[in-house]
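The values are calculated or read from the model by the stated rules, or taken from the named source; none is laboratory data. Keep in mind that what you see is a predicted model, and the values were worked out from it rather than measured. Neighbour counts are summed over all protein chains in view; Cβ atoms, including those assigned to glycine, are modelled from backbone coordinates with ideal geometry. Surface areas here come from the heavy atoms of the whole protein model, side chains and all, with no ligands, DNA or RNA. Shrake-Rupley method; radii C 1.70, N 1.55, O 1.52, S 1.80 Å.
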Amino acid sequence: MKIFVFLHADESANRDEFQHHCLAVEGPRLLREFPQMRSLTMNLVIERPEVVQPRPYELLSPFRRCEVIVTALFEDEAAARDFAARATFRARLAEFVAVSGKTIFGEPRVTAAVGIMSFGRVQFHPDLPESAIMRSWALHAELVREVLPHSIYYVQNFGLPNPGQPEQIATGVAELAFPSATVSSWSNSANEKRLVHDLGHFVKSSCRHHAIAHVLR
């Protein structure tokens, strides 16, 4: 099981200092406290090098930009649930999202070839049944493969229900790896318009983050 943790710093905090603390202190501590973790990556969020026009469904997104995205992978579901219940962070807000991931293409592993990671938190239209969401996202994957040929890997992570919280709106996390030279080459192109149009059929709102990945295990 994979768990994302979206970490938000205090508004008055220095982002670079917060990210350094997460990488140098929080990450090693998590490895000590949760030895069952198969892998741990600290993704430090960066600003895009160019101005990016928000997509229509990003304007009213309930998700907010964060400073660090933690990716923790477990072989055992019980160990993952324990991590989600007990892990603590020195942050204003830590949002835990357990997911079931489906690799669309490539090998989902951060190597020297990966320059930039892109994470898209999405909230699906609540009137769509899960089967329709999964079918629409699967079809969207073919478009991603076509218009982002330089991407290294693509994973669709479907959010798992949070026990004790009924009537949850379905969510997911799109995970894309790029070489740094190509991460933004499509952002204002005709391909971007095609992506936006297609996503609008099944995505109610979303928030994009770009980050530098640091693999700790």
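Computed quantities for the displayed model
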| item | result |
| --- | --- |
| Solvent exposure of region 44-134 as accessible area per residue, Å², 1.4 Å probe | 55 Å² |
| Using θ = phi - 60° and Karplus 6.51 cos²θ - 1.76 cosθ + 1.60, couplings along region 28-44 (whole Hz; Gly, Pro as x) | x, 5, 4, 5, 6, 6, 10, x, 6, 4, 7, 8, 9, 10, 9, 9, 8 |
| 5 angstrom amide H check on ALA170, placed H, neighbours 5+ away | PHE124 |
| Cα-based reach from LYS2 at 24 Å (exclusive), listing lysines while leaving out same-chain residues under 8 positions away | LYS102, LYS204 |
| Built amide H within the under 5 Å cut-off of VAL68, gap 5+ | LEU7, VAL45 |
| Region 1-111 - convex hull of the alpha-carbon atoms, volume per residue in Å³ | 151 Å³ |
| Sulfur and carbon atoms: percent of accessible area, the chain [1.4 Å] | 53 percent |
| Amide H contacts under 5 Å for LEU216, placed H, 5+ residues apart | LEU40, THR41, MET42 |
| Rg/Rh for the chain, where both radii come from Cα atoms and Rh is the Kirkwood radius | 0.94 |
| Point-charge dipole on Cβ atoms (K/R +1, D/E -1) for the chain, about Cα centre, debye to 20 | 120 debye |
